[in-house]
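K.L.:
One structure follows; several queries about it will come next.
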Amino acid sequence: MMRGRAHGNQKNQLVIAVVVLVIFCGFLYIYSRKDGSSALAYGTNSLRKFGSSYWGGDDGAGEYEMDGVMLKSIPVCDDRLSELIPCLDRNLIYQTRLKLDLALMEHYERHCPVPERRYNCLIPPPPGYKIPIRWPRSRDEVWKANIPHTHLATEKSDQNWMVVKGEKIAFPGGGTHFHYGADKYIASIANMLKFPKNNLNNGGRIRTVLDVGCGVASFGGYLLSSDIITMSLAPNDVHQNQIQFALERGIPAYLGVLGTKRLPYPSRSFEFAHCSRCRIDWLQRDGILLLELDRLLRPGGYFAYSSPEAYAQDEEDLRIWSEMSALVERMCWKIASKMNQTVIWVKPQTNDCYMERKSGTLPPLCKSDVDPDAVWDVHMEACITPYSDQIHRARGRGLAPWPARLTTPTPRLADFGYSDETFEKDTEVWQRRVENYWNLLGSKIESDTLRNLMDMKANMGSFAAALKNKDVWVMNVVPEDGPNTLKIVYDRGLIGTVHNWCEAFSTYPRTYDLLHAWTIFSDIQRKGCSAEDLLIEMDRILRPKGFIIVRDKRSVVEFIKNYLQMLHWETVATADAVQDSEQDGDDTVLIVQKKIWLTSESLRELE
């Protein structure tokens, strides 16, 4: 009996302890949600205070009074979040216990936090951060402090990806398959295709390239000198930071993966695709990943595949090569050239081969009601995307060689009911606007100050087209809920992606020198999304000392001005846009520059 009572007392004490713990956790949860501060949602160490900045004075947390209204300051994230990519955050995936198929690479796809779980704090630069080395020197070297990761230099030491040299990281131009330099490798591919002067641009006929599993993007970096622009694509996988290195170097790149969803590019975007030992199982799920490449290639487009399966003689490689050869044959691809470890296939220019296949041949043609240009959160299908009747009749022709295609109206204007005159007028308007922007920036920039630019609402890409003579590249972003004019952007020989600005962009912090925000804030207001969240996201992806050009309603510009101090931005210029065009209405131009600052924790590490 005594033992029974003692056991009962222990149970009562355990129940009381559990109840107290539940009440304590409840209070902790309520406190963490107090005043809407979702920055604490991931843990108690997510915030830090400002220390001294390189430019400007000390900035502390607190409140600001603007026009009689008290606004909260924006907290600073913990230094450990200096490389946070909100929608590709592994900690989020782990904590939310998402049921993802690792074999299908779902864990490398976008999984954005709900508003209640966003950090909503400013991402600090790493200790010792320096203004990036300017292009074109940056192609070959970057500051180690800006991306303090050297594991790739050790892991890929025999492949010449990168080499640590004191305070810098150098990039000799090597890759897994081209140890002796991307330039020589590129010339050999052009030679295989018998292109004039071993130049892969083939007289301007090849302009847009997709490099899948790009590493640190040396392939795309070396193509730039041939007037070829490459979308270098890689996931945030075991080789983390490879895309971060690419963008730090000033090379176009994007975080993405061939998993379960379509890549965010419309059909017929690229003249050339490339995979150099990119560790992709092209045979999985009835060849669905290869069929996604097929969707993205233009008529007569090429796929260069450098891999052991193309030449090795062991049993497994022979099996893979045999099955892959059979698959691409059913897809109507032909071998354009094969030499040593590289094979180059070419896609058909018409639907003729598809129509001649035996009934029931796999993969099937996609159904007629499947939109080949729908890409935002759209799952891939294991089917061949046939050409429209117009493309079939034209045999894939219709695009002028580069650089003429930049200003030549494209056949796909008709998809939107746009006339050639509309296209030409848009080009002229943005030429004037960009000239005005550069005049407003004035002494703040030199010819090599800017390299990585983003047009957050690209429309037909005329902002980027106006920058042709500047040594810059532009990521053209088209909203996911508007006309998918991204296909016009690619037809012009430019690159870009589809995005929803209510969410974070798929890039590392501090990767763009200039953001152009044309009516973006008005757009997300209509969607009911948070303008404050967008300001914080823009700060995340903008490099210190980088610029933002806002072109929007006067009320929007005045709203943004209220946040400049707490974001640690400063005004460069404001201007009326009324006289720019009849359609401007009350639009105003605001140009701001981001200051560079360190947290107190980073300063202590430097001392």
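The values are calculated or read from the model by the stated rules, or taken from the named source; none is laboratory data. Note that the coordinates shown come from a computational prediction; the quantities given were computed from them, not determined experimentally. Here the Cβ positions follow ideal geometry from the backbone for every residue, glycine too, while neighbour counts run over all protein chains shown. Protein only, heavy atoms only, side chains kept; ligands, DNA and RNA dropped before computing areas. Shrake-Rupley method; radii C 1.70, N 1.55, O 1.52, S 1.80 Å.
K.L.:
Mind giving me the FRET efficiency for Asn198 and Ile335? R0 is 22 Å, r the Cβ-Cβ distance, nearest 0.05 is fine. Please list the in-between numbers first.
P.N.:
Details: r = 20 Å, r/R0 = 0.90.
After rounding to 0.05, the efficiency reads 0.65.
K.L.:
Continuing with the same structure: Any chance you could get the radius of gyration and Dmax over the Cα atoms of region 217-257, in Å?
P.N.:
Answer for region 217-257, Rg first and Dmax second: 10.0, 32 Å.
K.L.:
Ok, one more. What per residue convex hull volume, in Å³, comes out for region 367-416 when only alpha-carbon positions are used?
P.N.:
Values: hull volume 6.5 nm³, N = 50.
Looking at region 367-416, the number lands at 129 Å³ per residue.
K.L.:
A further question on this structure: Compute the length gained on full extension between Val114 and Ser73: take 0.36 nm times their separation in residues and subtract their Cα-Cα distance, giving the result in nm to one decimal. Don't jump to the answer; show the numbers that get you there.
P.N.:
Values: separation 41, 0.36 × 41 = 14.76 nm, distance 2.17 nm.
Roughly 12.6 nm would be gained on extension.
K.L.:
Please list, by residue number, every one of the trypsin sites (Lys or Arg not before Pro) in region 423-494 that is coil in DSSP and has at most 14 other beta-carbon atoms within 10 Å.
P.N.:
Sparse-neighbourhood loop trypsin sites (Lys or Arg not before Pro): Lys468.
K.L.:
Are there trypsin sites (Lys or Arg not before Pro) in region 334-402 that DSSP marks as loop and that have at most 14 other Cβ atoms within 10 Å, and which are they? Can you show the working numbers first?
P.N.:
Working: sites: Lys334, Lys338, Arg357, Lys358, Lys367, Arg393, Arg395, Arg397; in loops: Arg357, Lys358, Lys367, Arg395, Arg397.
Passing both the DSSP loop test and the Cβ count: Lys358, Lys367, Arg395, Arg397.
K.L.:
Let me ask another. Do you know the relative contact order of region 253-337, to the nearest whole percent, from alpha carbon pairs under 8 angstrom that are 6+ apart?
P.N.:
Values: 74 pairs, mean separation 25.2, N = 85.
Contact order relative to length: 30 percent.
K.L.:
To the nearest 0.05, how large is the calculated FRET efficiency for Lys165 and Asn469 if R₀ is 35 Å and r is the Cβ-Cβ distance?
P.N.:
On the way: r = 33 Å, r/R0 = 0.95.
It comes to 0.60.
K.L.:
Something else about it: Kirkwood Rh, Cα Rg: Rg to Rh for region 246-292?
P.N.:
0.98
K.L.:
So how strong a dipole does region 318-469 carry about its Cα centre when Lys and Arg Cβ are +1 and Asp and Glu Cβ are -1, to the nearest 20 debye?
P.N.:
On the way: 20 positive and 20 negative charges, 121 e Å.
For region 318-469, the charge dipole is close to 580 debye.
K.L.:
Tally Lys/Arg at +1 and Asp/Glu at -1 over every other residue whose Cβ is under 14 Å from the Cβ of Lys358; what's the total? Write down the numbers at each step before the final one.
P.N.:
Working: positive: Arg330, Arg357; negative: Glu329, Glu356.
Neighbour charge sum, excluding Lys358 itself: 0.
K.L.:
Here's something else I'd like to know. Label point 7 Å out from Arg134 along Cα-to-Cβ: which residues of region 466-483 have amide N under 16 Å?
P.N.:
Flagged as within label range: 470-473.
K.L.:
Leaving ligands, DNA and RNA out of it, work out the accessible area of His274 with a 1.4 Å probe and give it in Å² to the nearest 10.
P.N.:
0 Å²
K.L.:
A further question follows. Just list whichever of Lys197/Lys468; Lys470/Lys545; Lys261/Lys561; Lys347/Lys470; Lys165/Lys470 have alpha carbons separated by over 28 Å in the model shown.
P.N.:
Working: Lys197/Lys468 24 Å; Lys470/Lys545 19 Å; Lys261/Lys561 39 Å; Lys347/Lys470 34 Å; Lys165/Lys470 30 Å.
Violating the 28 Å Cα-Cα cut-off are Lys261/Lys561; Lys347/Lys470; Lys165/Lys470.
K.L.:
Can you list which of the GluC sites (Glu not before Pro) found in region 88-187 are DSSP loop residues with at most 12 other C-beta atoms within 10 Å?
P.N.:
Glu167
K.L.:
List, largest first, the extents of the alpha carbons of region 197-278 along their principal axes, each in whole Å.
P.N.:
Here the Cα extents, ordered largest to smallest, are 38, 28, 21 Å.
K.L.:
Can I ask one more? If each residue of separation counts as 0.36 nm, what is the full-extension length gain between Trp438 and Ile93 once their alpha-carbon separation is subtracted? Mind dumping the intermediate values first?
P.N.:
Details: separation 345, 0.36 × 345 = 124.20 nm, distance 4.20 nm.
Between Trp438 and Ile93, full extension yields 120.0 nm more.
K.L.:
Averaging sequence separations of C-alpha pairs under 8 Å and six or more residues apart, then dividing by the length of region 258-306, give the relative contact order as a whole percent. Spell out each step's value before the answer.
P.N.:
Values: 55 pairs, mean separation 26.9, N = 49.
Taking the mean separation of contacting Cα pairs over the length of region 258-306, I get 55 percent.
K.L.:
Give me D for region 347-463 in µm² s⁻¹, whole number, from Stokes-Einstein with Rh from the Kirkwood sum over alpha-carbon pairs, 25 °C and 0.890 mPa s. Walk me through the numbers before you get to the answer.
P.N.:
On the way: Rh = 18.3 Å.
Approximately 134 µm²/s, per Stokes-Einstein.
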